Amino acid sequence: MGSNGRGYHIADRGLAKRGLNRVDWADQSMPVLRQVRDEFARARPLQGITVGACLHVTAETANLMRAFRAAGAKVLLCASNPLSTQDDTAAALVREGIPVFAIHGEGHKTYYDHLRAVLDARPDVTLDDGADLVSLLHTEYAESSQRVIASMEETTTGVIRLRAMAADGMLKIPVVAVNDAATKHLFDNRYGTGQSTIDGILRATSVLLAGKNLVVAGYGWCGKGVASRARGMGANVIVTEVDPIKALEAAMDGLRVMPMSEAAAVGDIFVTLTGDAHVIRKEHLARMKDGALLANSGHFDVEIDIKALRAMAKKVLRNVRPSVEGYALKDGRTLYLLAQGRLVNLAAAEGHPPAVMDMSFATQALMTQWAAKNGRKKRLEVKVHDVPKAIEDRVATLKLASMSIKIDRLTAEQEQYLRSWDQGT
Ligand code: ADE
């Protein structure tokens, strides 16, 4: 059952008070979203719109849901990962009248039943973190896809999927690559993933990073963030990459770069952030040191070949600590897998801090308003839309103002110079 018959499905309504404190605490660090919410409350730009969101059910997401509701939308929320749901936050939202379908630790079937419960409400706009709702809208719910004005995509993995669908001519709904906005990936992916991934590893293990060899697989914005934070705490960071430009960038950032086959033998801690499958495979597991820690911070739990790890183990030590499982291998070594290979920053910690989700979710809110305004009467083109520069600039300007930071403006002469082409040496 996606719903318990009451129009929501959560672990425990009794957690609402704790959840409200958590959501209000996050709200204090989300000034841009708050300003957008206040504007929404005055103009009600989403009146008559149903928003169906499949996002990590966190305090930060709760504040985005509040903004949609202030805008006049009917809102429903389900989880974009079975281990990232904060049950108290879910209860707080239900207390505020927002239907939530998410339970921390839910199984595969319940996870999908919860997505269906959101799509059964026939949303006009959907929000995804990993494209799971959009995938259902192209398969089981294909008949509903025509009514969807647009779908927002929050994460790199989802945008990659959507661009692949568009390239194959398979995309049926207009989608917005919110992840690709500078106000999202430059801050959320880099500083958010950087800090929250380290936070998850530390909460799970209490490991000392100083002096450890920490292997970062993937030097995209998320990998860069983790590498820089780990380095700042004294780890010797090693980067593995398949992209020559990114590998070069890592090398010139002063990091060691090598293939995973070599890194496997020297790493103490491994973090995957590639968005691809089986980055750590059997041949790598076979070379790792006794006691190595394995964590994933990519969207799906496919980056570490857990099946191979299981097959190599003679015993799995469950709950060595919360979020830590030990794989006692037949050769006597033990490898430790964090958060079952799911995103460690959300499963073992609280995800990105609110101050950075502020920008991502203000962008989400403004793009939902944009989609409702531009796609209500006439369908938006079915393609992957980028966030308009004006919206990115607005979010960045509001964030700077909230931080009391002022910047320069171009003088008339400078503007003229930038437009000219006839002034050289
Ligand atoms: N993704 C990463 N961190 C998050 C958070 N705190 N809330 C929602 N989505 C997230």
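Per-structure values
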| read-out | value |
| --- | --- |
| Options 307, 330, 315; residue that is free of Cβ contacts under 8 Å to residues at least 12 places away in the same chain and more than 30 Å from residue 178 (Cβ to Cβ) | 307 |
| Residue list for the range 191-211, filter: crowded, with 24+ Cβ neighbours inside 10 Å, free of Cβ contacts under 8 Å to residues at least 60 places away in the same chain and of a type in the set (A, V, I, L, M) | 198 |
| Among (1) surrounded by 21 or more Cβ atoms within 10 Å (Cβ to Cβ); (2) touching a residue at least 40 places away in the same chain (Cβ under 8 Å); (3) under 18 Å from residue 215 (Cα atoms), the one test that residue 323 misses | (3) |
| Filtered residues of the range 128-163 (kept if within 16 Å of residue 78 (Cα to Cα), of a type in the set (D, E, K, R) and assigned to a helix (DSSP H, G or I)) | 132 |
| Residues of the range 37-72 that turn out to be open to solvent by less than 40 Å² (accessible area, probe 1.4 Å), more than 10 Å from the ligand (Cβ to nearest atom) and part of a helix (DSSP H, G or I), as a count | 6 |
| Which listed residue, of 355, 348, 339, 313, is more than 27 Å from residue 86 (Cα to Cα) and out of contact with any His (no Cβ under 7 Å at 6 or more places or on another chain) | 313 |
| Selection status of residue 132, within 16 Å of the ligand (Cβ to nearest atom), touching a residue at least 12 places away in the same chain (Cβ under 8 Å) and over 27 Å from residue 181 (Cβ atoms) | no |
| Qualifying positions in the range 151-161 - crowded, with 24+ Cβ neighbours inside 10 Å and over 21 Å from residue 357 (Cβ atoms) | none |
| Pairs with Cβ under 9 Å, 6+ apart, first in the range 88-110 and more than 22 Å from residue 17 (Cβ to Cβ), second hydroxyl-bearing (Ser, Thr, Tyr) and assigned to a loop (DSSP other than H, G, I, E, B) | 106/85 |
| Residue selected from the range 355-390 under the condition in contact with a Lys or Arg (Cβ under 6 Å, 6 or more places away or on another chain) and either of a type in the set (A, V, I, L, M, F, W, C) or more than 18 Å from residue 187 (Cα to Cα) (or both), by the criterion farthest from the ligand (Cβ to nearest atom) | 384 |
| Residue check, residue 171 over 15 Å from residue 54 (Cβ atoms), touching a residue at least 40 places away in the same chain (Cβ under 8 Å) and in a loop (DSSP other than H, G, I, E, B) | yes |
| Residues of the range 136-150 satisfying the condition of being more than 23 Å from residue 357 (Cα to Cα) and either touching a residue at least 40 places away in the same chain (Cβ under 8 Å) or open to solvent by less than 40 Å² (accessible area, probe 1.4 Å) (or both) | 136, 137, 138, 141, 142, 144, 145, 148, 149 |
| Of all residues in the range 308-354 being modelled with pLDDT of 95 or more and among the polar types (S, T, N, Q), the one that is nearest to the ligand (Cβ to nearest atom) | 345 |
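Yes or no, residue by residue, for (1) open to solvent by 10 Å² or more (accessible area, probe 1.4 Å); (2) within 19 Å of the chain's Cα centre (by Cα); (3) small (Gly, Ala, Ser):
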site: 74; (1), (2), (3): yes, no, no
site: 78; (1), (2), (3): no, yes, no
site: 85; (1), (2), (3): no, yes, no
site: 103; (1), (2), (3): yes, yes, no
site: 106; (1), (2), (3): yes, yes, no
site: 116; (1), (2), (3): yes, no, no
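Results for (1) more than 16 Å from the ligand (Cβ to nearest atom); (2) over 16 Å from the mean Cα position of the chain (by Cα); (3) in a helix (DSSP H, G or I), shown as yes or no for each residue.
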site: 185; (1), (2), (3): no, no, yes
site: 195; (1), (2), (3): no, no, yes
site: 200; (1), (2), (3): no, no, yes
site: 208; (1), (2), (3): yes, yes, no
site: 215; (1), (2), (3): yes, yes, no
site: 227; (1), (2), (3): yes, yes, yes
site: 237; (1), (2), (3): yes, yes, no
site: 263; (1), (2), (3): yes, yes, yes
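The values are calculated or read from the model by the stated rules, or taken from the named source; none is laboratory data. Everything quoted here is computed from the prediction, not taken from an experiment. Virtual Cβ from ideal backbone geometry, glycine too; neighbours counted across all protein chains shown. Quick note on the areas: whole protein, heavy atoms, side chains included, nothing else; ligands and nucleic acids left out. Shrake-Rupley method; radii C 1.70, N 1.55, O 1.52, S 1.80 Å.
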